[in-house]
Amino acid sequence: MAHWLINGCKKCLLAVGATGVVIIYGGFFYLLLSGRSTAPIHWFYLVSPWLCIYFGLPHQQQHDVIDWLLKKFKFNK
């Protein structure tokens, strides 16, 4: 019964995350390229839209993202 609510929340998280990436990174690159200080943008603001996108993904894609990150940062000996 709550399946529609979960899907609605996931779609909302994806929309908020995508909008956040465009707005926050647009502002960040504007400040960076105009020579102004990027100090007002805390590192968490740059990460937070990606968290929204991650939690908006279906469970299998979330698992695939974790696997990709582990493979990417695994050091070969």
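Can you tell me the orientation of helix 59-72 relative to the chain, as the angle in degrees between its alpha-carbon axis and the longest Cα principal axis, to the nearest 10? Helix 59-72 sits roughly 50 degrees off the main axis of the chain.
Helix 3-34 and the longest principal axis of the Cα set of the chain meet at an angle near 10°. Is the chain rounded, prolate or oblate when judged by the Cα gyration tensor, a ≥ b ≥ c being the square roots of its eigenvalues, rounded requiring a/c under 1.5 and prolate requiring a/b larger than b/c? Taking the square roots of the gyration eigenvalues as a ≥ b ≥ c, the chain is oblate. The count of lysine pairs in the chain with alpha-carbon distances below 29 Å, taking only pairs 8 or more places apart or on different chains, stands at 4. For the peptides 5-18, 56-69, residues were scored by their other Cβ atoms within 10 Å and the scores averaged per peptide; the highest-first order is 5-18, 56-69. Could you please state how large a percent of the accessible area of the chain is carbon and sulfur, counting protein chains only and using a 1.4 Å probe? So the carbon and sulfur contribution to the accessible surface is 73 percent. Working from label points 7 Å from Cα in the Cα-to-Cβ sense, the ALA15 to PHE44 distance is 2.6 nm.
The values are calculated or read from the model by the stated rules, or taken from the named source; none is laboratory data. Model, not experiment: these values are computed from the prediction. Here Cβ is always computed from backbone atoms with ideal geometry, including for glycine, and neighbour counts include all displayed protein chains. For accessibility, only protein heavy atoms count, side chains too; no ligands or nucleic acids. Shrake-Rupley method; radii C 1.70, N 1.55, O 1.52, S 1.80 Å.
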